[in-house]
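Novice: Got a structure for you, questions after.
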Amino acid sequence: MENNLLAEKVKSIIEQIRPYLQADGGDIEFVELTSDNIVKVKLQGACGSCPHAKVTLKQGVESTIKEHLPEIVRVEDVVLGF
């Protein structure tokens, strides 16, 4: 049950980040929160093919989520593999 609450908090943060990615022609989709607190997402649109996607994922998405939810270990893109 606790994992479901954490997943909902992650989704809420992703919804706050989404407009910034959409402004650059991209998007992000929550895929899952693993039992070991790894968030899996799918970068879409321009973010899916952008050469800066890894930077966006780590310095933008991951850092924002971990700032609010320090129990999150990392954020991975299921398509790009990081």
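Novice: Does any residue in the range 61-82 that is farther than 13 Å from residue 7 by Cα come within less than 7 Å, Cβ to Cβ, of a residue that is modelled with pLDDT of 90 or more and assigned to a helix (DSSP H, G or I) six or more places away or on a different chain, and which pairs are these?
Specialist: From residues that are farther than 13 Å from residue 7 by Cα, the pairs are 61/17; 64/13; 64/17; 74/62.
Novice: Next question, about the same structure. Mind counting the residues in the range 32-59 that are modelled with pLDDT of 85 or more and under 9 Å from the mean Cα position of the chain (by Cα)?
Specialist: Residues meeting the conditions: 5.
Novice: Can you list residue pairs whose Cβ atoms sit under 7 Å apart, with the first residue in the range 1-21 being of a type in the set (Val, Ile, Thr) and the second being assigned to a helix (DSSP H, G or I) and open to solvent by 60 Å² or more (accessible area, probe 1.4 Å)? Count only pairs 6 or more apart in sequence or on different chains.
Specialist: What qualifies is 13/68.
Novice: Being open to solvent by 60 Å² or more (accessible area, probe 1.4 Å), part of a helix (DSSP H, G or I) and of a type in the set (Ser, Thr, Tyr), is that true of even one residue in the range 42-57?
Specialist: yes
Novice: Given the conditions (1) assigned to a strand (DSSP E or B); (2) open to solvent by 70 Å² or more (accessible area, probe 1.4 Å), which single one is not true for residue 39?
Specialist: (2)
Novice: Just to verify a result, which residue in the range 13-36, among those that are acidic (Asp, Glu) and over 12 Å from residue 76 (Cβ atoms), is surrounded by the most Cβ atoms within 10 Å (Cβ to Cβ)?
Specialist: Checked the range 13-36; the qualifying residue surrounded by the most Cβ atoms within 10 Å (Cβ to Cβ) is 27.
Novice: Which number in (1) over 16 Å from residue 77 (Cβ atoms); (2) under 11 Å from the mean Cα position of the chain (by Cα) marks the one condition that residue 8 misses?
Specialist: Every listed condition holds for residue 8 apart from (2).
The values are calculated or read from the model by the stated rules, or taken from the named source; none is laboratory data. Keep in mind it's a predicted model, so treat the numbers as computed, not measured. Using ideal geometry, Cβ is built from the backbone for each residue, glycine included, and neighbour counts are taken over all protein chains shown. We work out accessible area using only protein heavy atoms, side chains counted, and drop any ligands, DNA or RNA first. Shrake-Rupley method; radii C 1.70, N 1.55, O 1.52, S 1.80 Å.
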